[in-house]
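Structure first, commentary second.
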Amino acid sequence: MRYLLSIIEDESRLATMTPEDGPRIMQAYGEFGQQVEAAGVFVAGAGLEPSPTATTVRVRDGERLITDGPFAETKEQLGGFYLLECKDLDEAIEWAAKIPGAQSGSIEIRPELDYEARRAGQGLRAEASRV
């Protein structure tokens, strides 16, 4: 089953980083990337530019509304993600705890929607009921 691991961080901490922090953090993410690749669970992943670079699009009554910046006015923003193929939620939790961003922010885990199960009338995956 595929799980999206979203890295949620307080962007204000970027202003307090030292020149040494950047390379250290990038090395930690590089090592994590190597681990998920070696384990064969990596599907996709990327870091994202800071939220001021975001553009939000809404369509209301057929009219397209474009706003500079993120949708949510909050300190915590999506900083990146990993899409991993895990046997279950427990394995996804184990990987999430190893993401460097978990040390200063949080990792939101969501299972990929199973469209085939939906079409078969089975609804959301059974694991979603654990929530």
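In the chain, a dipole from Cβ-located charges (positive for Lys and Arg, negative for Asp and Glu) runs towards its positive end, and of 62, 34, 52 it is 62 whose Cα lies farthest in that direction. Calculate the length of the line joining the C-alpha centroid of region 1-19 to that of region 23-82, in whole Å. Between the Cα centres of region 1-19 and region 23-82 lies a distance of 9 Å.
Students often get this wrong, so try it: which of [x] 17.8; [y] 15.7; [z] 16.8 is Kirkwood radius over Cα pairs in Å as calculated from the structure shown? Label of the calculated value: [z].
Once R0 is set to 25 Å, what does the formula 1/(1 + (r/R0)^6) return for the Cβ-Cβ distance between residue 83 and residue 10, expressed as a FRET efficiency to the nearest 0.05?
Once the sixth-power term is evaluated, E becomes 0.60.
Taking the helices alone, the chain has a mean residue ellipticity at 222 nm of -7500 deg cm²/dmol, built from -39,500 (n - 2.57) per DSSP H run of at least 4 residues and averaged over all its residues.
None of the figures in this text is laboratory data; all of them are computed from the coordinates on show. On a predicted model such as this, the values are computed, not experimentally measured, just so you know. For neighbour counting, all protein chains shown are included, and Cβ atoms are generated from backbone atoms with ideal geometry for every residue, glycine included.
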